Each structure stands twice: as C-alpha cells, then as structure tokens.
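The values are calculated or read from the model by the stated rules, or taken from the named source; none is laboratory data. As the structure is a prediction and not an experimental result, all values here were calculated from the model. Cβ placement follows ideal geometry from the backbone for every residue including glycine, while neighbour counts extend to all protein chains displayed. Please note that ligands, DNA and RNA were not included when accessible areas were found on the heavy atoms of the full protein model with its side chains. Shrake-Rupley method; radii C 1.70, N 1.55, O 1.52, S 1.80 Å.
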Amino acid sequence: MASIVLRDVVKEYGDGFLAVKGVSLEIADGEFVILVGPSGCGKSTILRMIVGLEDITSGDLEIDGTRVNDKAPRDRNLAMVFQNYALYPHLTVFENIAFPMRLAKGRFTDEEIRERVTRAAERLELTEHLERKPGNLSGGQRQRVAMGRAIVREADAFLFDEPLSNLDAKLRGQMRTEIARLQRRLGTTTVYVTHDQTEAMTLGDRVAVLRRGELQQVASPRALYEQPTNLFVAGFIGSPPMNFLPGRVEGDVLHLPVADVPLDERLRAAVGDRSLVIVGIRPEHVEDATLLDDARADAGVRFETDVDVTEWLGAELYAYIPFETAPEVASKLEELDRDLDGEGMRSQVVVALDAESRVRDGDRAELWFDPARLLVFDPESGVNLTRDDEAAARIDERNEELRRASLKRAQERDRADGEASPAQERAAS
C-alpha cells in the first residue's frame, strides 16, 4: 500500500479553464480521505490526475515517495471504482471480478485467480451471485462487484468517484457502512470523491473541502464541523446547513435580526473594531426555551420570534424563521449561496428543536441559544474570526488516535481469523 502526496498540483485545460489551482495534500498510508465540494469544484479532476486519466499541468504527484506524473495508469497500481460501476454486461460476476487478473496475462494461475475472487466475494457477500450477469443484480450488488474487482488487484490505493450517487437513500446508507468496514478491514489507502457532505462526514478519516478548484480546509469531520476555517466550509458542512445572519455591533451588544447578544470576551476579541459581521449558528444549537430548566435558560440568550413553517420529522422538529438580511452583506451571502449550489430562496433561520416542542406554524415562539456556540465571520474575506486553532489541532490529534485504534482492532480481528494484511499492520503502527 502507499501514501499519496500532491504538491501544488495545477490542472489547466486547453481553453484556459483552470480546474485545479495549486492543490497540496498529503494522504498517509492506510488513510481514508474524502474530496468533497459542490459540482465543478475540481474534486473528480484531482482523482483522475491521481489515477493518471488526466495530465497534470504543473506540480508533483508522488505515490509511496515516487514521482508518477509521467507514469501511465497501468503502472501506478491503483484501483478505481467508477460512478457507473464500469462492469462488463456479457461477463459473469466471477469474471468481472477476475478481469484485472486475467489482464495481467501469465502472472496469475487459474487457482490463484479462483482463490482471490472467492475471498473477495466472501468479504462482499457475493458468493451466491458469482455465476450471474450484472444485468440481473441490484444497484448495490453491482457496486459490490466493482469493489471486488478493486480488491483482487491488491492495489496500492483505492480511488472512488462518487460510487453511491446512483443508489437510493436507504441503499446509500448501507453501502457507506460496507465501504467503511471494508476499508478498515483491508487497511488500504483510499481517496473518495463525493458532493454529499453526509458521506464525507461519516466515511472519512479526514475531509478535504474544495471550492472552485482551491482547497479550503483539510481536517477531521469533527474539526470541520466545530472549527471551520471560513464561511464556505461552515456552510457546506452540516445538514441542515449553518444559519448566517448579519450582526451589527453597537457598544457591547451584537444585534442580530432575531436577538441581541451581549459581547463577552470571546466575541469582543473576534469582532475587533468591526461594526458589521456575519454570524453563524447551527440549527441544532437553538432550543425551545419552554423545555429548558431555569438555570440553563438564564445562562444563554432568550428571544421571541414569529415562526413561519414547521416540519415534524419524528426525532426532531424543524422551524423556519424568515428575516431581512443587511444590504451590506447580502451580496456576500448570495455569492456563498451560489457556490453551495443553493436556489437563492428567501433569507430564513432554520432551527432543529426537540420533537417534544409544541411550536407550530404561525406561532410566536420563545427560543434560546448559548452565545458560546456562535461563530463570527469577516463580512469581506469570509474568514472565521472565532476559530480556535489549538482546539482544532486537538480534535485532529484525537481523530488520528481513534483511526489507528480502529485499524488495530480490525487487524487483531483478522489476525485471529488468519487474514490480517500487511497494509493494516503498517497503518495501525
């Protein structure tokens, strides 16, 4: 297996379009890294440059310490799983999985091919389907066949290009679990491209967020969520997405469209001498004040607001609160909405309340939030002024410890079964 390193990689097409703008990224041996971003951000282009299907305009790409810019795809020993599965309809499942080994003429005996295919089929629960054709399989089964073909190659790394986008929501959830389990079991370096931030947050050891061909932030899912570096990352990560409101500073008060917030030491330091900022608050950080005990309610900000629409989802209740944004930040928030593939709808705050809340359409509701949860962004640059670099580093360090522990557990289980791989042992060490 191998590490993958990109150093200031650029991709410019013949018509002058700059698809990737100086991306640098280090992916450790055995690590699962997600490339995520909206359509057209350059994530699939980066994946295709790694595998060799796109030329690199400038910069360096190294696999296991060797520069591979000029190497053909077949010489990079990488296995790619495509969005459309790329299966051969006239071949059985067995022969589809075995195809890469058949292609290396004379390198594998029939017995070796049968052994590897059988082992891969057992791991992917495809044993009973080996004699069927792809056209007779479900979408999830076809996806597992494509993964099996990657496994038997014993490649240095797996590359996934939006592999679950053709599946329905329930099957996507099942396949996410399967891919995560398989990656831990094999310990293989994996690069996974998706536009779905839920996949990014649930699958990756680290997530690289891209915007218009530029790398915005690379961090663990939790660090992205709690310590985003800018407006774009904060808005892209999280579902429902973070709310952004204009905040006017007057003396020791931060005036929001829905509430007034006293400036504590943290918020004052973030605001500095600015008179206008953009304030971010996640939907789940707003609560129904009537459900809180008095001690907790007194520690935060209570406010009354008119609720437009509510959606009850069983486990939680979404309430939508319209507001008028400040003209000075409207263009910045409209640009952000376009970059996030938004629809330019009305400005509104979305809050995720406890399912026990009795707030309903048209109500005058009493809500609450902890100002310590607020993020403050510069209205011009979009930089997160409340980001705590030390806290972000601690989160990532803890995430790496958990990753190694998870790989070690998988290694111990497979060693007990006689199946521990060298990749697992290296990645967990």
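Give the residues of segment 66-114 that are of a type in the set (S, T, N, Q), within 19 Å of Leu182 (Cβ to Cβ) and open to solvent by 30 Å² or more (accessible area, probe 1.4 Å), sorted by residue number.
Asn77, Gln83, listed by residue number.
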So which residues in segment 251-263 are farther than 12 Å from Val376 by Cβ and part of a loop (DSSP other than H, G, I, E, B)? Gly251, Asp252, Pro257, Val258, Ala259
Output for segment 83-118, where each listed residue is more than 26 Å from Asn166 (Cα to Cα), without any contact (Cβ under 8 Å) to a residue 40 or more places away in the chain, not β-branched (Val, Ile, Thr) and not in a loop (DSSP other than H, G, I, E, B): Arg102, Leu103, Asp110, Glu111, Glu112, Arg114, Glu115, Arg116
Filtering segment 300-336 for residues that are outside any loop (DSSP other than H, G, I, E, B), in contact (Cβ under 8 Å) with a residue 24 or more places away in the chain and not β-branched (Val, Ile, Thr) leaves a count of 15
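Residue by residue, here is whether (1) under 24 Å from Ser220 (Cα atoms); (2) open to solvent by 50 Å² or more (accessible area, probe 1.4 Å) holds:
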site: Glu328; (1), (2): no, yes
site: Leu340; (1), (2): yes, no
site: Val350; (1), (2): no, no
site: Arg360; (1), (2): no, yes
site: Ala365; (1), (2): no, no
Leu224 fails exactly one of the following numbered conditions: (1) touching a residue at least 40 places away in the same chain (Cβ under 8 Å); (2) closer than 26 Å to Ala330 by Cα; (3) open to solvent by less than 20 Å² (accessible area, probe 1.4 Å). What is the number of that condition? (1)
For segment 139-170, which positions are over 20 Å from Arg74 (Cβ atoms), touching a residue at least 40 places away in the same chain (Cβ under 8 Å) and among the acidic types (Asp, Glu)? Glu162
Given the criteria touching a helix residue (DSSP H, G or I) at 6+ places or on another chain (Cβ under 9 Å) and open to solvent by 30 Å² or more (accessible area, probe 1.4 Å), does Thr190 qualify? no
Pick out the one residue from Arg358, Arg426, Arg387 that is modelled with pLDDT of 80 or more and either more than 25 Å from the chain's Cα centre (by Cα) or part of a helix (DSSP H, G or I) (or both). Arg358
Tell me, please, whether a residue that is on the phi < 0 side of the Ramachandran plot, touching a residue at least 60 places away in the same chain (Cβ under 8 Å) and not in a loop (DSSP other than H, G, I, E, B) can be found in segment 339-346. yes
Take Gln216 and tell me if it is open to solvent by 20 Å² or more (accessible area, probe 1.4 Å), at pLDDT 95 or above and of a type outside the set (Ser, Thr, Tyr). yes
Would you please list the contacts, defined by Cβ atoms under 6 Å and residues six or more apart or on different chains, that run from a residue in segment 121-135 that is under 23 Å from Ala180 (Cα atoms) to a residue that is among the basic types (Lys, Arg) and in a helix (DSSP H, G or I)? Leu124/Arg144; Leu126/Arg144
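Is there a residue being over 15 Å from Phe244 (Cβ atoms) and either at pLDDT below 85 or open to solvent by 20 Å² or more (accessible area, probe 1.4 Å) (or both) anywhere in segment 375-382?
no
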Exactly one of (1) open to solvent by 20 Å² or more (accessible area, probe 1.4 Å); (2) out of contact with any Gly (no Cβ under 9 Å at 6 or more places or on another chain); (3) over 19 Å from Asp161 (Cα atoms) is unmet by Ser39. Its number? (3)
State whether one or more residues within segment 166-184 are open to solvent by 10 Å² or more (accessible area, probe 1.4 Å), among the acidic types (Asp, Glu) and modelled with pLDDT of 90 or more. no
What's the number of the condition Gly251 fails, among (1) over 15 Å from Pro371 (Cβ atoms); (2) in contact (Cβ under 8 Å) with a residue 24 or more places away in the chain; (3) open to solvent by 10 Å² or more (accessible area, probe 1.4 Å)? (2)
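Does segment 256-294 hold any residues that are open to solvent by 40 Å² or more (accessible area, probe 1.4 Å) and closer than 26 Å to Ala365 by Cα, and which are they?
Of the residues in segment 256-294, the ones open to solvent by 40 Å² or more (accessible area, probe 1.4 Å) are 257, 260, 262, 264-266, 268-269, 273-275, 284, 287, 290-291, 293-294.
Correct list: Pro257, Asp260, Pro262, Asp264, Glu284, Glu287, Thr290, Leu291, Asp293, Asp294.
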Pairs only if they're at least six apart or on different chains, beta carbon under 8 angstrom, first in segment 6-17 and closer than 16 Å to Leu215 by Cβ and surrounded by 14 or more Cβ atoms within 10 Å (Cβ to Cβ), second at pLDDT 95 or above and hydroxyl-bearing (Ser, Thr, Tyr); list them, first residue then second. Leu6/Ser24; Arg7/Ser24; Val9/Ser24; Val9/Ser58; Val10/Thr57; Val10/Ser58; Lys11/Thr45; Lys11/Thr57
